[in-house]
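Taking it in order: structure first as structure tokens, then the write-up.
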Amino acid sequence: MAYLDFVDMFARKSERDPEELLKEKPLSFPISTNYRGEKLIEFLTDIVDIDFKKLRVLDIGCAYGGFSIAMAKRGAHVTGIDVSAQFIEYAKTNARGDVDLDARVMDASSSDVRNNFERGEFDLILLNDVLEHIYDTTSLAKNIDYLLNDTGFVYFKVPNGHSPRWAISEGHRKIFGLTLLDPDCWFYLYPRRASIFYRPFEYFTAIFGHFGLSNQLWIDEEKVFDRFPKRKLLNQFKEIYEIYRNNPEFDPQLKEYLKHGINRFRDEFLFDWDDLGDAYCRFKYGSYFYSGFFARPKANIAPKTEVMKLPSIGSIAAAAPDYHFPEL
């Protein structure tokens with residue numbers, strides 16, 4: 001079975017026992033790849049009217065292959081690309097004998113994309129937990145513009161590094177304060193390359209809109225309009241200040257950088273609340289992840305759930321009534 005071959009390969013390379021990996025509850029991020037892929041496709045088909053059969057799909061940052069495999073099982077013609085040869089090896093093993101997956105080592109922000117694919121080759125491009133790892137998002141968006149056909153669309157999901165919850169504990173490294181610092185200052189708290197680049201909420205509309213993806217549908221995956229009143233967000237800012245004040249181990253220079261970052265973050269939040277209002281701030285600051293679709297003007301994105309329209313954001317589709325976002 002392809003999936004078990006993948007688990008065996010991962011176990012060998014990580015020097016783990018495959019049976020133990022499969023017994024873990026919850027499954028680790030790599031081992032849960034197929035489960036997460038199935039859940040994502042089920043989630044998307046609950047939100048919008050989408051038929052994957054015969055869709056030409058590019059999965060950027062396909063990693064272990066779970067999302068690519070889930071779409072291929074529904075009849076899509078899927079190509080997965082990743083900058084990591086190791087990930088591509090995992091994806092091919094995971095798919096082998098189960099679905100037909102074209103998996104290639106490639107940098108989605110490089111000219112290799114235009115040298116290997118035809119203009120307008122794809123109907124759908126997937127960017128799931130990828131954008132924050134790509135520095136040159138301008139070249140990425142330019143390549144997406146080249147790759148999508150006239151009715152194509154992009155599904156994306158990206159962690160919200162400008163959520164107070166990520167300031168309290170950054171989602172990848174679980175370290176306080178990382179998202180309050182510019183990436184070139186991360187070494188004060190994390191000694192390796194940053195390799196993560198968080199952008200503000202408004203950035204995504206600006207960059208994708210510039211490259212012809214002006215038809216947008218955001219998704220309120222976490223039901224933030226019900227769960228994040230202003231008081232709850234202010235309490236999170238209070239927690240940020242308390243952690244900052246009560247940590248005697250911070251380097252003096254780091255404390256100055258953190259102080260500047262916290263004050264800038266607070267001022268932006270208060271300005272947004274006064275200028276753009278309650279609903280805007282609940283979505284911008286309450287969301288742990290941003291997700292949704294950026295599409296060509298001619299694309300037909302038909303929501304199946306209730307849609308809220310906010311002048312400062314656009315259309316926001318609600319999650320299905322029985323969907324529960326996992327608490328992290």
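The values are calculated or read from the model by the stated rules, or taken from the named source; none is laboratory data. Since this is a predicted model, take the numbers as computed values, not measurements. Backbone-built Cβ (ideal geometry, glycine too); neighbour counts: all protein chains shown.
Across the range 55-78, what is the total count of residues that are in a strand (DSSP E or B) and either crowded, with 24+ Cβ neighbours inside 10 Å or not assigned by TED's automatic domain parsing to the domain that holds D129 (or both)? Give the steps one after another, and end with the answer.
First, pick out the residues of the range 55-78 that are in a strand (DSSP E or B): 56-60, 77-78.
This time we only want the ones that are either crowded, with 24+ Cβ neighbours inside 10 Å or not assigned by TED's automatic domain parsing to the domain that holds D129 (or both), so: 58-60, 78.
The total comes to 4.
Taking Y3, is it crowded, with 18+ Cβ neighbours inside 10 Å, closer than 30 Å to A141 by Cα, touching a residue at least 60 places away in the same chain (Cβ under 8 Å) and in the same structural domain as Y155 (by TED's automatic domain parsing)?
No; evaluated as a whole, the condition is false for this residue.
Restricting attention to strands (runs of 3 or more DSSP E) lying wholly within the range 86-171, give those where 3 or more residues are within 30 Å of A302 (Cβ to Cβ).
It comes to 122-128, 148-159.
Sort out which residues of the range 151-196 are crowded, with 17+ Cβ neighbours inside 10 Å, out of contact with any strand residue (DSSP E or B) (no Cβ under 8 Å at 6 or more places or on another chain) and of a type in the set (K, R), and write them in order of number.
Hit for the range 151-196 is R165, nothing else.
Look through T93, T33 and report the one residue that is crowded, with 16+ Cβ neighbours inside 10 Å, closer than 24 Å to A319 by Cβ and polar (S, T, N, Q).
So the residue among T93, T33 that is crowded, with 16+ Cβ neighbours inside 10 Å, closer than 24 Å to A319 by Cβ and polar (S, T, N, Q) is T33.
Specify which of the listed residues (K223, K232) is on the phi < 0 side of the Ramachandran plot and out of contact with any Lys or Arg (no Cβ under 7 Å at 6 or more places or on another chain).
K232
Assuming L181 fulfils every condition listed in (1) over 26 Å from I81 (Cβ atoms); (2) under 18 Å from the mean Cα position of the chain (by Cα) apart from one, which condition is it?
(2)
Just checking, which of I41, I50, I60 is under 19 Å from S291 (Cα atoms) and more than 19 Å from the chain's Cα centre (by Cα)?
I50
Report, by residue number, each residue of the range 244-266 that is within 17 Å of G161 (Cβ to Cβ) and surrounded by fewer than 17 Cβ atoms within 10 Å (Cβ to Cβ). Let's see the steps before the verdict.
First, the residues of the range 244-266 that are within 17 Å of G161 (Cβ to Cβ): 257-258, 260-262, 264-266.
Across the range 244-266, the qualifying residues are H260, R264, R266.
So which of T79, T151, T93 ends up being over 25 Å from V48 (Cβ atoms) and among the polar types (S, T, N, Q)? If you could, list the steps in order and put the result at the bottom.
Numbers: T79 fails: over 25 Å from V48 (Cβ atoms); T151 fails: over 25 Å from V48 (Cβ atoms).
Only one candidate qualifies: T93.
Restricting to the range 30-55, what's the tally of residues that are of a type in the set (F, W, Y) and either in contact with a Pro (Cβ under 7 Å, 6 or more places away or on another chain) or farther than 20 Å from E221 by Cα (or both)?
Selection size over the range 30-55: 1.
Just checking, which of F156, F176 is over 16 Å from the mean Cα position of the chain (by Cα) and on the phi < 0 side of the Ramachandran plot? Please lay out each step first, then the result.
Working: F156 fails: over 16 Å from the mean Cα position of the chain (by Cα).
Testing whether each residue is over 16 Å from the mean Cα position of the chain (by Cα) and on the phi < 0 side of the Ramachandran plot leaves just F176.
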